[in-house]
Every structure is written in C-alpha cells, then in structure tokens.
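Undergrad: Questions regarding the structure given below will be posed in turn.
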Amino acid sequence: MSGQLCFKCHVSEPAIISREGKKKLYCVECFKKFSFNVFRTSVQRATLTDTVEAKEGGIIAVSGGRSSMLLLDWLCELREYQEKTTHTPWEDLIVVFVKGLDYETTAWENEACDFVHDHCVKRHVKFRMVSVAEYLSDLPAKPLVEERILLLRMILAKEAKLLQVRRVFYGGDATSLAGLTLYYLACGGAHLYWRITSEHDVVGDLLILRPLRNLLSSEAALAAHFFQVPYVQTSAVSRTDPRNVKRVIRNFLCGISVNFKSTIFNILRTVDKIPHNETLDRPLLHPAKSESRSCAVCLSEIRTENVDKLALGEVCKSCQLVLTM
Ligand SMILES: [Zn+2]
Ligand SMILES: [Zn+2]
C-alpha cells in the first residue's frame, strides 16, 4: 500500500477498506470516527423525531457479546461527549442482563453476568440482573428462538417501566438484523419482524433503539477491535450447527455481500418502507391504558376475548402467531 494515504485525512497510513470500494481506504482514526458517527447519528435521529430528550437515560440490553458491549461503550462515550458540550448531565444509563433466557442458567451465563457487572463498575453505569424465572413462574419447555427474542423484549419493556426510563437500547448490527428479517419473512412472521429489526420503534411511551443497525457486522467487529471493547465469546452451539436456519441465511448474506455490497442495506431499507399499520399491527396504535388488559409481549391493548393465556400472561393475536409459529 506504499504511496497511498487515507482517503479522508490524506495524512495517515490506510488500513481499512471503506464502503466506497477497494481504492478508498480509511486509516484507523478515520475509521473510528466514521463508525462512531454512524452510531451517534442513529441515536440523535431517534431523539429528534420523538418526545424523548437527549439527556434522558435508558436501559441497555447487554449479553456480554461483542455487539452489546460495543453499544454499551459507545453510549458511555456519547454520554460523556454530550455532558461536556451541553453541560447537562444525563439521567441514568442502566445495563440489564437477563439470565435464564433458555429457562435454565448455565455456567457460561454466570460468567458473562460477572463480566458485564465488572465492566459496568468501571464505566460508572448502573447494573441490574434480571432472571426469567422472576417473570415466568411456570416455566414451559425449552423456548424457541422467537420466544427468547419476544421474552427479552417483554422483560426489558417491563424493566423500563419499573425503572422509569423511556429508552431501551439493543445491539444488533445490519448483517444480523437483515438476516433476522429474511428469517421472519420466510417463517411467515412478517407482521412482527419490523418490531424486532427496526432502527427505531415506539411502543406506548417507550422508544426502542438499535443504533448499530447501520453498521455491517464486519464494521462493528473492527470497531470493537479498535475501540478495545472487551467482550465474552457467546455460546457456540447454534453457531456451529449446520441446520441452524439463521446461520445459513447469515452465511448467504455475507457471501453475496462480497460482490454486492449494498445487499444488506437494501434489505433493511425495503423493510423500512413497508407500512407498519397493517391490520395485524393495529393494536400497536392503541397503547393500553393502565386499567385495561395489555399484551404481555408488545404491551398494546387487548380488545378481543380471543386471547391466549400463555405462561407470560395474556398475549394479543399478532404476538400469539409468532409465539406459536
Ligand atoms: Zn485518516
Ligand atoms: Zn402483542
């Protein structure tokens, strides 16, 4: 690479291929700026279009994996930056670690929990551990992947209410969210997938954010490396199982992206264009009043008698479809 310089600063040694092609390379510092800006813009865009203020804290779903640890570190950076520039302290950032999403606590999970806790102490972030058993008294059989996602979502929504914060942050980069989207389309859960993969989503008075959604997984991995974000390796079972549909889809997406770089973002942009107020989504437009019955998963009002009573409480029709899929 002799003779060539970073295409942004024109000063430093180039190191990382940019989205603009093999001839446009970032130096490490410019790549760090680029990736952090993608994240920051996403958080700010959500804040500008909603009633939630920038200084408001929020809860962060952290598993200890690379994506959520990067999210945590960047939120800490953003908090520091905004406090310095606006002289207004942020309200609390609270990390929530959910134990037992497989309905049993594993040694790996305990390790990850301790790891996340120690990191929160270092970064002056509040830490809270929640166990699924606290929410589900009567544990059914081993949960499906869909149930785990919805369960996590339900628990975090309730925690946010309890802790009186209005923002919920999730990790999840473009590659994994595009993969999930294709997966849900294939499984017929299309009416719900955008709630699980959208960049911003309002449920009742909660604002749900996925600020890493505009970064490819390769970019997020490089960012975690250069920002020196510590993380734990997630359990390897589903990753090596060749029958795992999500893994097949992910490999397909990564493969096609080698030659067609914008594929992943095109999938996500297409999802964004699908109207969210389709018939099945209607309950979401009527967030439940406190005295009425609300769906345990999406928190929208339940207006028919035709509801299923699952272990997690009453669930509306659209969530029911996904849960029993
Ligand atoms: Zn540079
Ligand atoms: Zn629901």
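Undergrad: What list of ³J(HN,Hα) values in whole Hz, one per residue of the stretch 156-167 in order, does the Karplus curve 6.51 cos²θ - 1.76 cosθ + 1.60 (θ = phi - 60°) give from phi, with Gly and Pro shown as x?
TA: Couplings: 5, 4, 5, 4, 4, 4, 4, 8, 6, 10, 10, 10 Hz.
Undergrad: By a straight-distance test (C-alpha under 22 Å), which lysines pair with LYS22 as possible cross-link partners, with residues fewer than eight away in the same chain excluded?
TA: LYS8, LYS32, LYS33, LYS261
Undergrad: Amide H to amide H, which residues 5 or more places from GLY57 or on other chains are under 5 Å from it, using H placed in the peptide plane?
TA: So GLY57 has HN proximity to GLU91, ASP92.
Undergrad: Another question, then. Give the accessible surface of the stretch 35-139 per residue, rounded to a whole number of Å², with probe radius 1.4 Å and ligands, DNA and RNA excluded.
TA: Values: 5010 Å² over 105 residues.
With the other protein chains kept in place, the stretch 35-139 gives 48 Å² per residue.
The values are calculated or read from the model by the stated rules, or taken from the named source; none is laboratory data. Because the structure is a prediction, the values reported are computed rather than measured. Surface accessibility is based on the protein's heavy atoms, side chains included, excluding ligands, DNA and RNA. Shrake-Rupley method; radii C 1.70, N 1.55, O 1.52, S 1.80 Å.
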